[in-house]
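*Asks:* Quick one: the structure is below, questions incoming.
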Amino acid sequence: MRDSLVRSVRIGAAMGLLFTCVAFAHAQGAPQSMEGKTAEQVYKNIKVLTGTPAGQLNPAMHLIRSALGVECEFCHVAGAFDKDDLPRKQIARKMMQMMMDINKSSFANLQMVTCDTCHRGNADPENTPVLPVVEQAEEPKVSLPSAEEVLAKYVAALGGEQAIRKITSRVITGTQDIPTGPGGGVPMPAAIERDLKAPNLVVNIYRSPTYTISDGFDGTTAWSQDLRGRVSDTGKLEQMRTKRNAYFYEPLDFMTEYTQLQVRGIERVNDRDAYVVVGRVQGDSADRLYFDTQTGLLLRKSNVMPTPVGNIPLQVNYADYRDTGSGVKFPYLITMDPAGMDTVLTAAATIRVTKVQDNAPIDSAKLVKPVSKAAAGQ
């Protein structure tokens, strides 16, 4: 499991309200750009996960770490992760190959079996059935609203379509502890600025005490710029998600964005009852949207990020909605859990918004994908 300094942070969310996806890539032993490269082209001594996109290796290692409830050094030599000195690393390779073989032979290469299937947070696989829970009396069934009704209530709770359409730009400022170090376990305080302009232009700037990084969507491409000024495009799946979520008026167009929307039930989210709306998108896993049954506001959005050894769960919670002064509400507290696909599952990140300026003037040049310093020979 390879860890070092944070290279970049990428956040994508329509009007800052939806899925905030923070992704961290690390530079130790790996070049700045891994786009189009496989794990064995970037890292040393890859034996089983050959052919895996290089950007998926760290997330896969963190998912294994979580599934087994161990640290990286359980299988790897500290400071020399490519070495094969520890017998557990050889066992881990055999287990990964076994998992892949089972999925290939029994599930037509669908990823049905993962490390977590057997381990469930323990280094030793679980082999004893769990005793059944004594059944409780069934609660009376509640009549569920349609997806259209839930989404209409959400738009009304935000301030209504007319008020939302009047906003064409937004500048958000706040603070966030950016996860750094091994697995993102060391928080780095940073000031954040998020500039959005209709229809789908976004730039995010993160200023820590020692460096500045940024990312954005220029209407065509999702990009990130590291602390050395090097710019790279995000992966294929992230490109697709960022393009969807960068649409300024996304809350008004859920019905066209998703190929299918269905209310699945009611669940508790942060001590609130929420309607669970499952939205399906062509070529991606389904989103799960959680809307407060009383206020109608979005409380959570969740999805998964695929890796060779299983799906990484990603969820964002929204709270402390306030009127921005334009008659439209915005969440001033946004928590990402985990902080990103390249952090351990226990690392979280919280954005605390301090100011929202609607219809603020934004220099269009600021929203253009920057020229990489490396590409410019600097």
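The values are calculated or read from the model by the stated rules, or taken from the named source; none is laboratory data. Since the structure is predicted, the reported quantities are computational estimates derived from the model, not experimental observations. Here the Cβ is made from the backbone with ideal geometry for all residues, glycine too, and neighbour counts use every protein chain on show.
*Asks:* Can you name the residue in segment 294-311 that is outside any strand (DSSP E or B) and of a type in the set (A, V, I, L, M) and is also nearest to Met336 (Cα to Cα) among such residues? Reasoning before the result, please.
*Replies:* Quick first cut of segment 294-311, residues outside any strand (DSSP E or B) only: 294-297, 308-309.
Checking which are of a type in the set (A, V, I, L, M) leaves us with 297, 309.
Working: Leu297: 17, Val309: 22 Å.
Here the answer is Leu297.
*Asks:* Could you check segment 233-248 and list, in sequence order, the residues that are over 11 Å from Gly216 (Cα atoms) and out of contact with any Lys or Arg (no Cβ under 9 Å at 6 or more places or on another chain)?
*Replies:* Scanning segment 233-248 gives Gly235, Lys236, Leu237, Met240, Arg241, Arg244, Asn245, Tyr247.
*Asks:* Moving on to the next point. Listed residues Thr346, Thr350; which is part of a loop (DSSP other than H, G, I, E, B) and farther than 23 Å from Asp233 by Cα? Before you say what the answer is, go through the steps one by one.
*Replies:* Numbers: Thr350 fails: part of a loop (DSSP other than H, G, I, E, B).
Step by step, each of Thr346, Thr350 is checked, and only Thr346 is part of a loop (DSSP other than H, G, I, E, B) and farther than 23 Å from Asp233 by Cα.
*Asks:* Can you tell me which of Ser214, Ser224, Ser146, Ser208 is of a type in the set (S, T, N, Q), in contact (Cβ under 8 Å) with a residue 24 or more places away in the chain and more than 21 Å from Thr343 (Cβ to Cβ)? Spell out how you get there, then give the answer.
*Replies:* Values: Ser214 fails: more than 21 Å from Thr343 (Cβ to Cβ); Ser224 fails: more than 21 Å from Thr343 (Cβ to Cβ); Ser208 fails: more than 21 Å from Thr343 (Cβ to Cβ).
That would be Ser146, the only listed residue that is of a type in the set (S, T, N, Q), in contact (Cβ under 8 Å) with a residue 24 or more places away in the chain and more than 21 Å from Thr343 (Cβ to Cβ).
*Asks:* Let me ask something additional. For a quick check of your reading of the model, give me the residue pairs whose first member lies in segment 158-172 and is within 15 Å of Val353 (Cβ to Cβ) and in contact (Cβ under 8 Å) with a residue 24 or more places away in the chain, whose second is of a type in the set (D, E, K, R) and assigned to a helix (DSSP H, G or I), with beta-carbon atoms closer than 6 Å and at least 6 apart or on different chains.
*Replies:* If the second residue must be of a type in the set (D, E, K, R) and assigned to a helix (DSSP H, G or I), no pairs are left.
*Asks:* Also, I was wondering about something else. Search segment 186-196 for residues being buried (at least 18 other Cβ atoms within 10 Å of the Cβ) and touching a Gly at 6+ places or on another chain (Cβ under 9 Å), and hand back the single one that is modelled with the lowest pLDDT.
*Replies:* Here is the first cut: in segment 186-196, the residues buried (at least 18 other Cβ atoms within 10 Å of the Cβ) are 188, 190, 192, 194-196.
From the residues that got through so far, the ones that are touching a Gly at 6+ places or on another chain (Cβ under 9 Å) too are 188, 192, 194-196.
On the way: Met188: 84, Ile192: 95, Arg194: 95, Asp195: 96, Leu196: 96.
Among those residues, the one meeting the criterion is Met188.
*Asks:* Does segment 276-286 contain at least one residue that is assigned to a loop (DSSP other than H, G, I, E, B), out of contact with any Phe, Trp or Tyr (no Cβ under 7 Å at 6 or more places or on another chain) and of a type in the set (Asp, Glu)? Steps first, answer last, please.
*Replies:* Narrowing segment 276-286 to residues assigned to a loop (DSSP other than H, G, I, E, B): 281-286.
Those left that are additionally out of contact with any Phe, Trp or Tyr (no Cβ under 7 Å at 6 or more places or on another chain): 282-286.
Restricting the remaining residues to those that are of a type in the set (Asp, Glu) gives 284.
Checked segment 276-286: at least one residue is assigned to a loop (DSSP other than H, G, I, E, B), out of contact with any Phe, Trp or Tyr (no Cβ under 7 Å at 6 or more places or on another chain) and of a type in the set (Asp, Glu).
*Asks:* Can you pull out the residues in segment 50-87 that are part of a helix (DSSP H, G or I), touching a residue at least 40 places away in the same chain (Cβ under 8 Å) and under 24 Å from Gly36 (Cα atoms)? Walk me through it before giving the result.
*Replies:* So the first thing to find is which residues in segment 50-87 are part of a helix (DSSP H, G or I), and the list is 54-68, 72-74, 87.
Add one more test, that the residue is touching a residue at least 40 places away in the same chain (Cβ under 8 Å), and what stays is 55-68, 72, 74.
Passing the criteria: Gly55, Gln56, Leu57, Asn58, Pro59, Ala60, Met61, His62, Leu63, Ile64.
*Asks:* Another question, if that's okay. Just one of Lys236, Lys243 is free of Cβ contacts under 8 Å to residues at least 12 places away in the same chain and either basic (Lys, Arg) or in contact with a Cys (Cβ under 7 Å, 6 or more places away or on another chain) (or both); which is it? If you could, list the steps in order and put the result at the bottom.
*Replies:* Working: Lys243 fails: free of Cβ contacts under 8 Å to residues at least 12 places away in the same chain.
Going through Lys236, Lys243 in turn, the sole match is Lys236.
*Asks:* At pLDDT 85 or above, farther than 20 Å from Ile312 by Cβ, surrounded by 13 or more Cβ atoms within 10 Å (Cβ to Cβ) and not aromatic (Phe, Trp, Tyr): does that describe Lys89?
*Replies:* Working: at pLDDT 85 or above: yes; farther than 20 Å from Ile312 by Cβ: yes; surrounded by 13 or more Cβ atoms within 10 Å (Cβ to Cβ): yes; not aromatic (Phe, Trp, Tyr): yes.
Here the answer is yes, as Lys89 does meet what is asked.
*Asks:* Return the residues of segment 192-250 that are more than 20 Å from the chain's Cα centre (by Cα), part of a strand (DSSP E or B) and not β-branched (Val, Ile, Thr); say none if nothing qualifies.
*Replies:* Residues satisfying the conditions are Lys197, Arg207.
*Asks:* May I ask you to list the residues in segment 288-331 that are in contact with a Leu (Cβ under 7 Å, 6 or more places away or on another chain), at positive phi and surrounded by fewer than 21 Cβ atoms within 10 Å (Cβ to Cβ)?
*Replies:* Within segment 288-331, Asp320 is the sole residue that qualifies.
*Asks:* Identify, from the list Gly229, Gly160, Gly183, the residue that is at pLDDT below 90 and at positive phi.
*Replies:* Details: Gly229 fails: at pLDDT below 90; Gly160 fails: at pLDDT below 90.
That would be Gly183, the only listed residue that is at pLDDT below 90 and at positive phi.
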